[in-house]
1. Could you please give the count of residues in region 194-218 that are of a type outside the set (A, V, I, L, M, F, W, C), surrounded by 24 or more Cβ atoms within 10 Å (Cβ to Cβ) and not in a helix (DSSP H, G or I)?
2. In a strand (DSSP E or B), surrounded by fewer than 20 Cβ atoms within 10 Å (Cβ to Cβ) and either within 16 Å of the ligand (Cβ to nearest atom) or within 22 Å of the chain's Cα centre (by Cα) (or both): which single residue out of 300, 320 fits that description?
3. List pairs: first residue in region 309-329 and of a type in the set (Lys, Arg), second residue more than 15 Å from the ligand (Cβ to nearest atom) anywhere in the structure, Cβ distance under 7 angstrom, at least six positions apart or on different chains.
4. With out of contact with any helix residue (DSSP H, G or I) (no Cβ under 7 Å at 6 or more places or on another chain), modelled with pLDDT of 95 or more and not acidic (Asp, Glu) as the only criterion, which of 411, 419 stands out?
5. Are any residues in region 193-239 in contact with a strand residue (DSSP E or B) (Cβ under 6 Å, 6 or more places away or on another chain) and closer than 26 Å to residue 86 by Cβ, and if so, which ones?
6. Scan region 218-229 and give yes if some residue there is within 16 Å of the ligand (Cβ to nearest atom), more than 24 Å from residue 378 (Cα to Cα) and within 22 Å of the chain's Cα centre (by Cα), otherwise no.
7. State which residue is nearest to the chain's Cα centre (by Cα) when the search covers only region 95-108 and only residues that are of a type outside the set (A, V, I, L, M) and near the ligand (Cβ under 10 Å from one of its atoms).
8. Take residue 331 and tell me if it is over 15 Å from residue 154 (Cα atoms), in a helix (DSSP H, G or I) and not aromatic (Phe, Trp, Tyr).
Amino acid sequence: MKKLKKISKVISTSLALSLVLAACSDKEEGSSNSGGGDKDEKVKIVYARGKDDTQGTTAMVEAFEKKYPNIDVEFKEMPADTGKQHDAYVTAFNANSDEIDVIDLDVIWPAEFAQAGFLMPLDRFIEKDGVDVGAYNEGAISAAKFKGKQWALPKFIDAGMLFYRTDLVPEGEVPKTWDELLAKAKETKGQGGTQFGYLMQAKQYEGLVCNAVEFIASYGGEIIDENGEVKVDSPEAIKGISKLVEIVNSDVVPQNITTFAEPESHTAFINGQAGLIRNWPYQYALANDESQSKIAGKVAAAPLPAGDAGSAATLGGWMAGINKNTKHPEEAWKFLSFMAGEEGQKIDAIKGGHAPTILSLYEDEEILKANPYYKDEGFVKALEAAVSRPVAPNYPEISDIIQVQVSQAIAKKITPEEAAKNMQKEISEKLEK
Ligand code: GLC
């Protein structure tokens, strides 16, 4: 598993950087590039994204439409499951569809989508508008680069975190290891109206890969190393998989935890059904959203528990790109650069809890007020420990292997040792191609 560059270093050393995003600073009206037509004609662009349970996306779209009254953004809601969302885009783009103009991409897609020729390179827009890519988190910006071109701009960064109920888990008792987590989850289960002790994502899908990577890395294992060598058949990785299997099979998680992706786990958490959850940063804003959460004001964040080797978080996040067949490239870019720029990211951080990729925003008082834990050592540590998933144009195939093997280990159809051996063999075969 390729370790990401230490993000916290970038954050702390670059906080002072000022951001120049000329693209978004003026009140402008959209102009159609589609040839012909009245100059004042309204242009409609379609923006596709997975279901956003926070208020972030709606607020961003509203602010954009207010600023650019000649551009209408139609929101096309895609499946929340990143794998299903991926497949829907692949089908549409393979058919050269121009129905969608702007899409959000998971950090694991750019290599594949760029290689397949689905996206429009953004370099000429970036240059024209003088977008300062140096203002962005380096790992996030480079995840959107492939073969020297910038295919997308990062909107927010994700890292797995532990969120907990402050009425059930006092500050000094926040679990620091997986064993402490099991103990605390057992102790708090049933307290304060809860039915469960701990929530995570154990369904057979991409989120399981993220959870597995965290367990494996927290015991010092990795799936693929920095040189692209498959290293998953190791005692460390096996320890990580074993701990994951133990927790998923324990009585602190819901019995049907293998049907839980992010929406199931965050819904149970905001309904007050558990004291502890592993999730991405948006969980904080959602849990504090009084219109939908029963635990608003009672939530805090901490790094994920540690194994033998420390705490580790999987690196996730989303970026925005443009369909190469769009009929409205200029308007698509205006919207994309608004969302991925300072203005859009600020709205999304405040309303959606999504962690910015523009470093100077970590100094923004309003963002810090909405997400006080961005200042915590714990959050910085989670970003610091963020581990990226294998980078490959055929990543979905590699992910499938991990999903299947880890699920079989969870179901006790195979042992963690066998899962590690099978992954080693099957991933190596995929990478050789
Ligand atoms: C989050 C992450 C993304 C990851 C997904 C898995 O959306 O940002 O990178 O693939 O969760 O469910």
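1. Summing the residues that are of a type outside the set (A, V, I, L, M, F, W, C), surrounded by 24 or more Cβ atoms within 10 Å (Cβ to Cβ) and not in a helix (DSSP H, G or I) in region 194-218 gives 3.
2. Of the residues listed, the single one that is in a strand (DSSP E or B), surrounded by fewer than 20 Cβ atoms within 10 Å (Cβ to Cβ) and either within 16 Å of the ligand (Cβ to nearest atom) or within 22 Å of the chain's Cα centre (by Cα) (or both) is 300.
3. Hits for this filter: 324/117; 324/118; 324/119; 324/120; 327/34; 327/98.
4. 411
5. Hits for region 193-239 are 199, 200, 210, 213, 214, 217, 224, 230.
6. Yes - at least one qualifying residue is present in region 218-229.
7. In this case the residue turns out to be 106.
8. yes
The values are calculated or read from the model by the stated rules, or taken from the named source; none is laboratory data. On a predicted model such as this, the values are computed, not experimentally measured, just so you know. Here the Cβ is made from the backbone with ideal geometry for all residues, glycine too, and neighbour counts use every protein chain on show.
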